[in-house]
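Below is one structure, written out as structure tokens; the observations come after it.
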Amino acid sequence: MKNEEQIIQEEIKKLKKKIYDYIQLVKVLLSLKLHFERKYKAKAYVEPSVWYKEDKEKRIPDLLILTSDNTAIVFDHKIIESSDERTVRSRLRRLKKYYGTIIWKEKEYTVNYAILLCSKETWQNILNAGLIEKPMTWVYKLVEDEKLYYEINIFSPKSIKIKDSLLSRIISTYKKHGVIKVERPYEATKYVFIRQKPPIEYVAERVYRFLYSRMDPNVDEEAFQLKDIINEFNWYYSPWVLAEGEAKQLTIGRLNEALKLLDEIGLAKYKPEEGVVIVKKIKKLSGELLDHILEKIVKHRLKAEAKRQTKITNFFH
Amino acid sequence: MVSAKALSVIRSIIAEHKFPIHMFVVFPRVNVDEIGKLENRARYKGSYLSVTSSGDDVFKFFVKLKKRQAEGYIITYKSFWIFLTYEQKTDTRSVISILLKKLYPLIYYQYIHVNDFLDIIEYLSRIYRITVKEYLVRSKIVQGREKKGKKFTKVTKSWTEQRFSRDIFSKIMEKEKGIIDALRLTISSYEFFADLRLYRNGSLTLYKGEPDIYPDIYTFIIEPYVKHALGSIEKLSRVKRVFIKDKLDSEIHPLTLIFEGYKLTKDDYELVLNSLSKQFFISVYYLGNPIFHALLTDREEGSSFEIIAYGNKVEIIPDFKASAESLQIVLDVFSSINPHSKYVVM
């Protein structure tokens, strides 16, 4: 039987893994975007909203690369933690929805290749699942040499004929060198959140840090207006470019959820009806901030769960 | 320069032989007419401080920590201030060191690079006969051999009696795998003698000296120290993140620290975390191969930096608020891993 402390530590570990996976995803997408823009002068967009001509549906691929005046490729990032055949098959099937004709900034492009983007661990799970058919996959691994870069291995099924000239160039470079190197530039730090929902615990930590930085050194708590937080955060962390306009990294929805969480764990007093939050300073902390916040969150959730269980038990007695 | 009144205060303290006399060179973030803010800051940090004017650039201060107290003067130069005090009942140097930490970020001290520190003494040795009596070396504790508990660095005090030579200290640092933090020197010529300890962070303890020694201390020690410190602050203040309104984008100017011929280890990262955790809120997002990735926020003044370290490199990426003073604290900890580090600001 696990004791409470073990349960808390395990939960913290799980949350940290989730946060790290999210950070990795943001950085790998941005690194690939900059790689395509800088090396191939292609237009690249992270999580754009694109309209599909055939079914008039809007979809959001992780990465869209315009490879010519009328062709595009799409990357879809996946984390698959199981090698169960059915799970893997069902997750990979979802790639198919990205094929077709898209309308991007009033022009039509044909997506002939929807490429799976994943880490080595996910790729290993896919291989272990033993599927006969696998999609074209870019498998990345962060490595260091003179600089930090992603080493990318490309799996290209024999049945696929590469018609796209840019993709064909990349594949022949890969065949020549056995690997593609994509630099992870420091600009990757401009982006904290993408449109894919970040772990709310991570948003809470970043928001708390952001507000703490702005506090007067001689006070224990300070009030901030929600609209100022949104504006200032999005000044320093650039918005993502979409077909129409931009997507802010910190949305009001994310901020609202993060502030509620900070309120629940006693680091803030959130007054949504007044559009104000009063942030409280952590006065003493011996360990790490992320661990401290995660521990408070986990304890709060366990307490809430225990309360709920007691209510149910009482109801049936 | 300072007023005759300020110089006479300094002279009288030395003339009255109140040795050891302590001087702390600090850099203010407030104007002289806002000096009262120091009292508020001390109160917020749980101490008592009173500052009263004794002239345009001379202020008398009295500080009371929980059990200890001290008094002295603040001499205000244009770009820096000197906290001047002498040994009283308790360990006065430690009282003032604690006070200065509490007064951060209103004032701060600056560690200069060890090469700049040795440059100052080398120049001094061309004019005076310099004998080194004692030196403090800060070095990291290597895992397995001496590492006990959570201690990652040690400061070794060694006694000697030898003429200053830069080569000797370069060899000592090489041997000890650390950096010189302070030197106790006797400075002499035919009509001049002083016994003092110089610290790399701009503080100085005078154990013996003639009443008229201050102008020489100012010219040969304080002035070059301030020049190096301000030069470093100026360079580090280029590390920032700027929002470009018309492009709706931000421009980042990071700092890259390079350790020539040295590969950073997991122990080094733990040393950094351990040394910085009192001053910064740290979140480690990844610690291991091939990278160390963490975010730091200065607990007192809010500057934040993203640290990405791998191989022989440390990238320090400024967040929306990043002061040179705060960054300097981070750099100094990294320099205790290996003194042969160089940095580049992009």
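The values are calculated or read from the model by the stated rules, or taken from the named source; none is laboratory data. Quick caveat, the model's predicted, so the values are computed rather than measured. Positions of Cβ are generated from backbone atoms using ideal geometry, with glycine treated the same way; all protein chains shown enter the neighbour counts. The area values use the complete protein model at the heavy-atom level, side chains included, leaving out ligands, DNA and RNA. Shrake-Rupley method; radii C 1.70, N 1.55, O 1.52, S 1.80 Å.
Binning the alpha carbon pair distances of the stretch B:225-297 at 5 angstrom intervals from zero yields the distribution 3, 11, 14, 17, 20, 18, 10, 5, 1, expressed in whole percent. Each of A:285, B:255 has its accessible area taken with a 1.4 Å probe; listed largest first, they run A:285, B:255. Between the exposed loop cleavage positions of chain B, defined as GluC sites (Glu not before Pro) in a non-H, G, I, E, B DSSP state with at most 14 neighbouring beta-carbon atoms within 10 angstrom, the longest gap is B:17-145. Once the Cα atoms are used to define both axes, helix B:92-103 deviates from the longest principal axis of chain B by about 50 degrees. A straight Cα-to-Cα reach below 19 Å connects residue A:161 with the lysines A:96, A:134, A:175, A:176, residues fewer than 8 places away in its own chain not being considered. Annotation for the stretch A:1-103: GluC sites (Glu not before Pro) lying in DSSP loop with at most 13 further Cβ atoms inside 10 Å of their Cβ are A:54, A:81. Once you order the gyration tensor axes a ≥ b ≥ c over the Cα atoms, which shape class does chain A get: rounded for a/c under 1.5, otherwise prolate or oblate by comparing a/b with b/c? In terms of gyration-tensor shape, prolate.
For peptide A:209-220, the mean count of partner chain Cβ atoms within 10 Å of a residue's Cβ comes to 5.
Give me the angle, in degrees from 0 to 90, between the Cα long axis of helix B:4-15 and the longest principal axis of the Cα atoms of chain B, rounded to the nearest 10. With rounding to tens, the tilt is 80 degrees. Largest first, the three principal axis extents of the alpha carbons in the stretch A:192-315 are 53, 41, 31 Å in whole numbers. A convex hull fitted to the Cα coordinates of the stretch A:129-168 yields 91 cubic angstrom per residue. Note on chain B: the alpha carbon radius of gyration divided by the globular reference 2.2 N^0.38 Å gives 1.03. Eigen-decomposition of the gyration tensor built on the alpha-carbon atoms of the stretch A:141-211 gives equivalent ellipsoid semi-axes of 35, 17, 10 angstrom, largest listed first. If you add up the charges near residue A:153, with Lys and Arg at +1 and Asp and Glu at -1, over every other residue whose beta carbon is less than 15 angstrom from its beta carbon, what do you get? Combined, the nearby Lys, Arg, Asp and Glu give +4. Shown here is the pair-distance distribution of the protein assembly as shown: with all Cα-Cα distances grouped in 10 Å bins from zero up to the longest one, the shares run 3, 13, 21, 22, 18, 12, 8, 4, 1, 0 percent. Measuring spread by the Cα atoms of the stretch A:24-189 yields a radius of gyration and Dmax of 15.5, 47 Å. With contacts taken as Cα pairs under 8 Å and at least 6 residues apart, chain A reaches a relative contact order of 15 percent.
Between B:231, B:159, B:130, the Cα set farthest toward the positive side of the dipole of chain B (charges on each charged residue's Cβ, about the Cα centre) is that of B:159.
Given Cα pairs under 8 Å that are at least 6 residues apart, what percent is the relative contact order of the stretch A:192-315?
Details: 115 pairs, mean separation 36.3, N = 124.
Once normalised by length, the contact order is 29 percent.
Scalar couplings 3J(HN,Hα) for the stretch B:224-230, obtained by applying the Karplus form with A = 6.51, B = -1.76, C = 1.60 to θ = phi - 60°, are x, 4, 4, 4, 5, 5, 5 Hz; x denotes Gly and Pro.
Note on the stretch B:3-18 and the stretch B:169-190: Cα centroid distance 29 Å, given to the nearest whole angstrom. Listed by chain and number, the lysines whose C-alpha is less than 23 Å from the C-alpha of residue B:342, apart from same-chain residues fewer than 8 away, are A:147, B:140, B:154, B:171, B:175, B:177, B:227, B:235, B:240, B:263, B:266, B:313.
The shape of the stretch A:1-121 can be summarised by an equivalent ellipsoid whose semi-axes, obtained from the alpha carbon gyration tensor, come to 34, 17, 12 Å from longest to shortest.
Between the alpha-carbon centers of the stretch A:171-200 and the stretch A:258-293, tell me the distance in whole angstrom. The two parts, judged by their Cα centres, are 32 Å apart. Semi-axis lengths, largest first, of the ellipsoid equivalent to the stretch B:188-247 are 40, 10, 7 Å, with √(5λ) applied to each eigenvalue of the Cα gyration tensor.
State, in square angstrom and to the nearest 100, the accessible area buried between chains B and A, both chains counted, probe radius 1.4 Å.
Numbers: alone 16960 and 18260 Å², together 31460 Å².
So the buried area, both faces added, is about 3800 Å².
For residue A:34, the shell of other residues with beta-carbons less than 11 Å away shows a net charge of +3, using +1 for Lys and Arg and -1 for Asp and Glu. Inter-chain Cβ neighbour count for B:306-313, averaged per residue, equals 4 (cutoff 10 Å, partner chain atoms only). Residues in the stretch B:299-315 carry Karplus couplings, in order, of 5, 8, 10, x, 5, 10, 9, 9, 10, 10, 10, 6, x, 10, 10, 10, 9 Hz; the curve used is 6.51 cos²θ - 1.76 cosθ + 1.60 with θ = phi - 60°, and Gly or Pro positions show x.
Averaged over the residues of peptide B:164-171, the number of Cβ atoms from other protein chains lying within 10 Å of each residue's Cβ is 0. Summed over all non-identical Cα pairs, the Kirkwood treatment of the stretch B:175-280 gives a radius of 18.3 Å. Of the trypsin sites (Lys or Arg not before Pro) found in the stretch A:43-133, those that fall in a DSSP loop while having at most 16 other beta-carbon atoms within 10 Å are A:53, A:56, A:105.
Within the shell defined by Cβ-Cβ distances under 13 Å, the residues around residue B:214 carry a net charge of -3, with Lys and Arg each +1 and Asp and Glu each -1. Sites listed here are GluC sites (Glu not before Pro) in the stretch A:150-254 whose DSSP assignment is loop and whose Cβ has at most 12 other Cβ atoms within 10 Å: A:244. Rg and Dmax over the alpha-carbon atoms of the stretch A:70-130 stand at 13.9, 42 Å.
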